[in-house]
Amino acid sequence: MLELFHSYQKCIKIFNTNYRREYIGLYIIGYSKLKHFCAFYSFLKIIDDIVNSDMDLIRKKELLFYFKKIFFGLYKEYRRDKTSGRIITKFKPELELFFEIQIAVFDTLDKIDIGNHNIESIFTAK
């Protein structure tokens, strides 16, 4: 439970640091909804950071494919037993942030029931 709390706190920090518009109004919705908004935003930010990076297109596609594969493998495990899996091998440094927030992202996606096809669309659209 503490791991989930810290994961959400990291998402809120990412949101506060990176969101460029006036976000103070979002605090009206309360922590229970704000944390989900921030988790989803943080997930999208990781993908956007890859897309907007200065690496070449082939490398971006490779990294997004790798991220999608890892994401769905870990998400499937989370949905099965509500635990956060870990990657034992070395992972790409561009994805390091995801492993800090993955449990909050998975909890959010599970609670709002966005559906795997919609998540796949996010990867495809980018």
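The values are calculated or read from the model by the stated rules, or taken from the named source; none is laboratory data. Computed from a prediction, not measured in an experiment: that's the story for all the values here. For neighbour counting, all protein chains shown are included, and Cβ atoms are generated from backbone atoms with ideal geometry for every residue, glycine included. Just the protein is used for accessible areas: all its heavy atoms, side chains included, with ligands, DNA and RNA removed. Shrake-Rupley method; radii C 1.70, N 1.55, O 1.52, S 1.80 Å.
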Legend entry - Considering residues of region 29-44 that are touching a helix residue (DSSP H, G or I) at 6+ places or on another chain (Cβ under 6 Å) and hydroxyl-bearing (Ser, Thr, Tyr) only, the residue least open to solvent (accessible area, probe 1.4 Å): Ser42
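With respect to Phe43, is the statement that it is under 15 Å from Thr108 (Cα atoms) and at pLDDT 95 or above true?
When the stated conditions are applied, Phe43 passes them.
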Inset, instruction - State whether the residues of region 6-22 include one that is surrounded by 11 or more Cβ atoms within 10 Å (Cβ to Cβ) and under 20 Å from Gly115 (Cα atoms). - result: no
Inset, instruction - Kindly list, by first and then second residue, each pair from a residue in region 98-126 that is under 12 Å from His36 (Cα atoms) to a residue that is open to solvent by 20 Å² or more (accessible area, probe 1.4 Å) and hydrophobic (A, V, I, L, M, F, W, C), limited to pairs with Cβ atoms under 7 Å and residues at least 6 apart or on different chains. - result: Ile103/Leu4; Ala104/Leu4; Asp107/Leu4; Thr108/Phe40
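I need the full set of residues from region 62-72 which are more than 21 Å from His6 (Cα to Cα) and surrounded by 13 or more Cβ atoms within 10 Å (Cβ to Cβ), in order please. Lay out the reasoning, then the answer.
Step one: filter region 62-72 for residues more than 21 Å from His6 (Cα to Cα), giving 62-70, 72.
Those that are more than 21 Å from His6 (Cα to Cα) and surrounded by 13 or more Cβ atoms within 10 Å (Cβ to Cβ): Glu62, Leu63, Leu64, Tyr66, Phe67, Lys68, Ile70, Phe72.
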Inset, instruction - Give the residue that is modelled with the highest pLDDT, with candidates limited to residues of region 83-126 that are open to solvent by 20 Å² or more (accessible area, probe 1.4 Å) and closer than 14 Å to Leu4 by Cα. - result: Ile103
